[in-house]
Amino acid sequence: MKSFLAFLVAMGIIVTLSDAYCFGVRQIPERPFKGCEMNGKLYPFGHIERTEDCHTCFCSKHFLDCCSLFHTPVAYDQKNCKVIFNKKRCDYDVVQRDDPSKMCNSPHSRVG
């Protein structure tokens with residue numbers, strides 16, 4: 001129990017110091033080791049270039065560590081523009097509200 005509490009404290013410290021778009025998942029030791037499961041899909045051990053949900057990951061017997069491949073727009077013209085996720089490119093497009101086929105020319109900031 002003490003080691004579990006120490007693990008939770010350590011993870012809390014790491015989460016506050018890490019990038020908001022990265023995460024780690026501890027693997028369940030009782031399961032057969034064939035890889036890492038994320039959102040119902042099994043990924044092989046080692047480096048995973050791109051998941052179906054646009055993350056790059058590293059899979060080991062003990063942890064699945066992932067970071068997003070995209071940056072989220074945070075400052076843009078919300079009156080005239082909207083954000084659409086482009087899963088093919090693993091990125092957000094900031095497009096015109098009236099005509100989503102056109103990109104917004106206004107400057108915008110991203111985090112990730």
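The values are calculated or read from the model by the stated rules, or taken from the named source; none is laboratory data. Bear in mind the structure is a predicted one, so any value in this text is a computation, not a measurement. Cβ atoms come from the backbone with ideal geometry, glycine included; neighbour counts cover every protein chain shown.
Where strands (runs of 3 or more DSSP E) sit wholly within the range 25-64, none has at least 2 residues that are in contact with a Lys or Arg (Cβ under 8 Å, 6 or more places away or on another chain) and among the hydrophobic types (A, V, I, L, M, F, W, C). Given the structure, is ASP65 acidic (Asp, Glu) and either on the phi > 0 side of the Ramachandran plot or at pLDDT 75 or above (or both)? Considered against the rule, which asks whether it is acidic (Asp, Glu) and either on the phi > 0 side of the Ramachandran plot or at pLDDT 75 or above (or both), ASP65 comes out as yes.
Being at pLDDT 90 or above and in contact with a His (Cβ under 6 Å, 6 or more places away or on another chain) is the filter here, so list the residues in the range 22-58 that pass it. Listed by number, the list holds a single entry, PHE58. In the range 65-76, the residue that is nearest to the chain's Cα centre (by Cα) out of those that are closer than 23 Å to VAL95 by Cα, of a type outside the set (Val, Ile, Thr) and part of a strand (DSSP E or B) is SER68.
Could you please give the count of residues in the range 20-57 that are surrounded by 15 or more Cβ atoms within 10 Å (Cβ to Cβ), farther than 24 Å from TYR92 by Cβ and of a type in the set (A, V, I, L, M, F, W, C)? Residues meeting the conditions: 1.
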